[in-house]
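Report on the structure given below.
The values are calculated or read from the model by the stated rules, or taken from the named source; none is laboratory data. A quick note: this is a predicted structure, and the numbers were derived from the prediction, not measured. Positions of Cβ are generated from backbone atoms using ideal geometry, with glycine treated the same way; all protein chains shown enter the neighbour counts. Note: accessible area is taken over every heavy atom of the protein model, side chains too, but ligands, DNA and RNA are not part of it. Shrake-Rupley method; radii C 1.70, N 1.55, O 1.52, S 1.80 Å.
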Amino acid sequence: MEYTKRSCTCGALRASDNGKIVTLNGWVHRTRALGGLTFILLRDRYGITQVVVGNGASDETKKIAASLKSEFCIAVRGKVSMRNEKDFNAEMPTGQIELIADEIEIFTTSEVLPFAIDEVRQKDGTLVIPNEDLRLKYRYLDLRREPMKNHIILRSQVTFAVREFLAAQGFLEIETPTFIKSTPEGARDYLVPSRVHPGKFYSLPQSPQLYKQLLMVSGFDKYFQIARCYRDEDARGDRQPEFTQIDMEMSFTDREEVLDITEEMLRHVFKKTLNYDLPAKFDRLSWEDAFNFYGSDKPDLRFDLKMQDASFMAGLSDFNVFKAGAANSRMEIERHKRSGLKCLVVPNCAEKFSRKNIEALETVAKTYKAKGLAWMKVVSSENTNENGDVIERNEVTKQSASKKAFKFEGGVSKFFAGKESEICGRLGAGANDLLLFVSDDDWQTACTALGAVRKQLGKDLNLYNANDEFHFVWIVDFPYFAWNKDEGHWETEHHMFTLPQKKYWQTLESDPGAVKGDLYDLVLNGYELASGSMRINDPALQERIFKIVGYSQERAQKAFGFLVQAFKYGAPPHGGIAPGLDRLVMLMCKEDSIHEVIAFPKNNLAASPLDDCPSEVDAQLLEDLKLRRVEKE
């Protein structure tokens, strides 16, 4: 047949199109022969239509149909016909009709596929996923698979929804340079040698941070950009050497406005793309509470299992491990008296968890530098009050709990015999509960290790609230500085342009450890989704920060002089945030890796099996750039 551009897509036809003559273009998804008929499932990105080559077709059309294999790219012309009602396929939007083929043209054939495009499941229903490097090598085929296709479509819809919302709020989309000056921003820079300036290098941006601040000085009070960023760091499931963020900055604003506009944007995105209603306001936690209760500054709040301070137990026995954890830790330098003895009460799990199960949790704790995981089980047939009456778990308090209601078994229980009433009362524990403890002289180590155990329990016990698919929480009141013990100096927890909270300005130099930053992180389901802050706009304040972190005037001038200079020309108060687009879409797709939502990602070695990148370059190009290879000794 003479090729005619498709008249509709493979997902468009319905019962109302019965009798129409149409032309479809697409890929052969699957074929089967049955009783002299050939059935072809023809696929494009819009859907699948069943094509039937029957007795009325020409011999040539029958011959072509018999030769078709998976992923041949073809055109089909024919008449839309209703299926018999008993043959309706409710799982396909086009399932009430089929196309009776008159003519078929093969555009291109396909070699034997390295993996199936069609969904393949094991006998138990488990989806068979090809090896990742194989998928990345043939990414153009992988992207034809239904899950990947849907992920990329959703990503496009999310990006459009972001632009739609921010443009309506008066934001301007402004591009910033890709070749920039190398500045210390935490991770290593990717460097690009300059041919016309031998020995000098451009840097690929880790973020548009400095330029978006310059835009605020320029008077563009609402900026955004779907920004490509580059960081030379080890790749992980939720990281890539190149990634995309929704970069935003505002002038004449404050923290509340930045948080509000971000929440509004995400509510718009989720409603527009998933028809999902996010709450009117997101939860908030201070950085300190996030660690105290959940052992992380990116807590997963889809389940409510809080850690508790168990320092009181150090005074109930001569168990020295607990005494060490309850003592003031080396965090004293920040004038915090935080207990390094933390407890998790795991309800109704004393019988469920064997010694082997607990040892597996201890391995998790030790991975995060804990010295061990102490435990004991609460065993009792019932809870009673002082009158001997049975009481419900949520009524157990240290006043009403009776000594005879509880007994400890296993683990470190021998150290606390006779103290059951007080311990269970203060921890809110009851019969058949499992008590888990981490003790360390460093508060943050204890919190982090037990927090990792909490996270593992969430998975093992499937504690997630089915009605809470997407749980956002703001983490605020971060420490501004951290003491670098190895190098003996203060450094910033975020970046050097973050505004310290105003109440600490007078004591920046005298007590850096107490300073809180006017910065904020947005966490979704246990992943850091966005980080932002109010920015310094006073050159004198910025220079004080440089001095505290050990930046000489010369070094600061060399790295950031152009920004500080700009602040001398009427810099407005400003702040911003940068949600990660890759992570956002990953979580919306309920995937564990951003590889699943990026069209052409690198693997975990930061390499691309598709095009063998990175690769060596021609010697002449190196010579033009005044570079030479140095062999390792």
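Which residue, of Arg188, Arg163, Arg155, Arg195, is buried (at least 19 other Cβ atoms within 10 Å of the Cβ) and basic (Lys, Arg)? Break it down stepwise before answering.
Numbers: Arg188 fails: buried (at least 19 other Cβ atoms within 10 Å of the Cβ); Arg163 fails: buried (at least 19 other Cβ atoms within 10 Å of the Cβ); Arg195 fails: buried (at least 19 other Cβ atoms within 10 Å of the Cβ).
Testing whether each residue is buried (at least 19 other Cβ atoms within 10 Å of the Cβ) and basic (Lys, Arg) leaves just Arg155.
Can you tell me which residue within segment 88-129, out of those that are part of a strand (DSSP E or B) and free of Cβ contacts under 8 Å to residues at least 12 places away in the same chain, is farthest from the chain's Cα centre (by Cα)?
Let us first name the residues in segment 88-129 that are part of a strand (DSSP E or B), namely 97-108, 121, 127.
If we keep only those that are free of Cβ contacts under 8 Å to residues at least 12 places away in the same chain too, we end up with 121, 127.
On the way: Arg121: 27, Leu127: 23 Å.
Here the answer is Arg121.
Scan segment 72-87 and tell me whether some residue there is closer than 20 Å to Ile117 by Cα, touching a strand residue (DSSP E or B) at 6+ places or on another chain (Cβ under 6 Å), touching a residue at least 60 places away in the same chain (Cβ under 8 Å) and buried (at least 20 other Cβ atoms within 10 Å of the Cβ). Working first, answer last.
Filtering segment 72-87 for residues closer than 20 Å to Ile117 by Cα gives 72-75.
The next check asks that each one be touching a strand residue (DSSP E or B) at 6+ places or on another chain (Cβ under 6 Å); those that pass are 72-75.
Add one more test, that the residue is touching a residue at least 60 places away in the same chain (Cβ under 8 Å), and what stays is 75.
So of that shortlist, the ones also buried (at least 20 other Cβ atoms within 10 Å of the Cβ) come out as none.
No, segment 72-87 contains no residue that is closer than 20 Å to Ile117 by Cα, touching a strand residue (DSSP E or B) at 6+ places or on another chain (Cβ under 6 Å), touching a residue at least 60 places away in the same chain (Cβ under 8 Å) and buried (at least 20 other Cβ atoms within 10 Å of the Cβ).
For the condition over 18 Å from the mean Cα position of the chain (by Cα), on the phi > 0 side of the Ramachandran plot and modelled with pLDDT under 95, what is the one hit in Gly199, Gly219?
The match here is Gly199.
Among residues belonging to segment 240-256 that are under 17 Å from the mean Cα position of the chain (by Cα) and crowded, with 18+ Cβ neighbours inside 10 Å, point out the one that is nearest to Thr159 (Cα to Cα). Before the answer, list the steps.
First, the residues of segment 240-256 that are under 17 Å from the mean Cα position of the chain (by Cα): 240-247.
Next, from what is left, pick out any that are crowded, with 18+ Cβ neighbours inside 10 Å: 240-241, 243-247.
On the way: Gln240: 19, Pro241: 20, Phe243: 14, Thr244: 11, Gln245: 10, Ile246: 9, Asp247: 12 Å.
Checking each candidate, the answer is Ile246.
Quick check on my filter: what residues within segment 438-492 are assigned to a loop (DSSP other than H, G, I, E, B) and free of Cβ contacts under 8 Å to residues at least 40 places away in the same chain?
Step one: filter segment 438-492 for residues assigned to a loop (DSSP other than H, G, I, E, B), giving 440-442, 461-471, 477-478, 480, 485-488.
Answer for segment 438-492, where residues must be assigned to a loop (DSSP other than H, G, I, E, B) and free of Cβ contacts under 8 Å to residues at least 40 places away in the same chain: Asn462, Ala466, Asn467, Tyr480, Lys485, Asp486, Glu487, Gly488.
Say whether the condition of being aliphatic (A, V, I, L, M), assigned to a loop (DSSP other than H, G, I, E, B), crowded, with 20+ Cβ neighbours inside 10 Å and at pLDDT below 85 is met by at least one residue in segment 392-407. Talk me through it step by step, then tell me what you get.
Applying the first criterion (aliphatic (A, V, I, L, M)) to segment 392-407 yields 396, 401, 405.
Subsequent filtering for residues that are assigned to a loop (DSSP other than H, G, I, E, B) retains 396, 401.
Right, trim to crowded, with 20+ Cβ neighbours inside 10 Å and you get 396, 401.
With at pLDDT below 85 added as a condition, the list becomes 396, 401.
Yes; the residues of segment 392-407 include at least one that is aliphatic (A, V, I, L, M), assigned to a loop (DSSP other than H, G, I, E, B), crowded, with 20+ Cβ neighbours inside 10 Å and at pLDDT below 85.
Search segment 255-266 for residues that are basic (Lys, Arg) and pair each with any residue that is buried (at least 18 other Cβ atoms within 10 Å of the Cβ) when their beta-carbon atoms are under 8 Å apart and the residues are at least 6 apart or on different chains.
Arg255/Val476; Arg255/Asp518; Arg255/Tyr520; Arg255/Met534; Arg255/Gly575
Inside segment 274-308, can you point out the residues that are among the hydroxyl-bearing types (Ser, Thr, Tyr) and surrounded by fewer than 19 Cβ atoms within 10 Å (Cβ to Cβ)? Outline the logic, then answer.
The first filter runs over segment 274-308 and keeps only residues among the hydroxyl-bearing types (Ser, Thr, Tyr), leaving 276, 286, 294, 296.
Selection gives Tyr276, Ser286.
Restricting attention to segment 257-269, report how many residues are more than 11 Å from Phe165 (Cβ to Cβ) and buried (at least 19 other Cβ atoms within 10 Å of the Cβ).
Adding up the residues that qualify gives 2.
Could you tell me whether any residue of segment 179-189 is at pLDDT 95 or above, over 30 Å from Ser110 (Cβ atoms) and part of a loop (DSSP other than H, G, I, E, B)? Spell out how you get there, then give the answer.
Of all residues in segment 179-189, those at pLDDT 95 or above come to 179.
Keeping just the survivors that are over 30 Å from Ser110 (Cβ atoms) gives 179.
Checking which are part of a loop (DSSP other than H, G, I, E, B) leaves us with 179.
Yes, the conditions are met somewhere in segment 179-189.
Name the residue that is nearest to Glu71 (Cα to Cα), counting only residues in segment 1-58 that are over 45 Å from the mean Cα position of the chain (by Cα) and among the charged types (D, E, K, R). Show your work before the answer.
So the first thing to find is which residues in segment 1-58 are over 45 Å from the mean Cα position of the chain (by Cα), and the list is 1-3, 18-21, 33-38, 53-58.
Subset that is among the charged types (D, E, K, R): 2, 20.
Working: Glu2: 21, Lys20: 26 Å.
If we take residues in segment 1-58 being over 45 Å from the mean Cα position of the chain (by Cα) and among the charged types (D, E, K, R), then Glu2 is nearest to Glu71 (Cα to Cα).
Counting only residues that are open to solvent by 10 Å² or more (accessible area, probe 1.4 Å) and at pLDDT below 95, give me the helices (runs of 4 or more DSSP H) lying completely in segment 493-601 with at least 1 of them.
Details: elements: 539-548, 553-567, 581-588.
Output list reads 539-548, 553-567.
So if I check each of Leu563, Leu605, which one is touching a residue at least 60 places away in the same chain (Cβ under 8 Å) and in contact with a Leu (Cβ under 8 Å, 6 or more places away or on another chain)? Show your work before the answer.
Working: Leu605 fails: in contact with a Leu (Cβ under 8 Å, 6 or more places away or on another chain).
Exactly one of Leu563, Leu605 is touching a residue at least 60 places away in the same chain (Cβ under 8 Å) and in contact with a Leu (Cβ under 8 Å, 6 or more places away or on another chain), namely Leu563.
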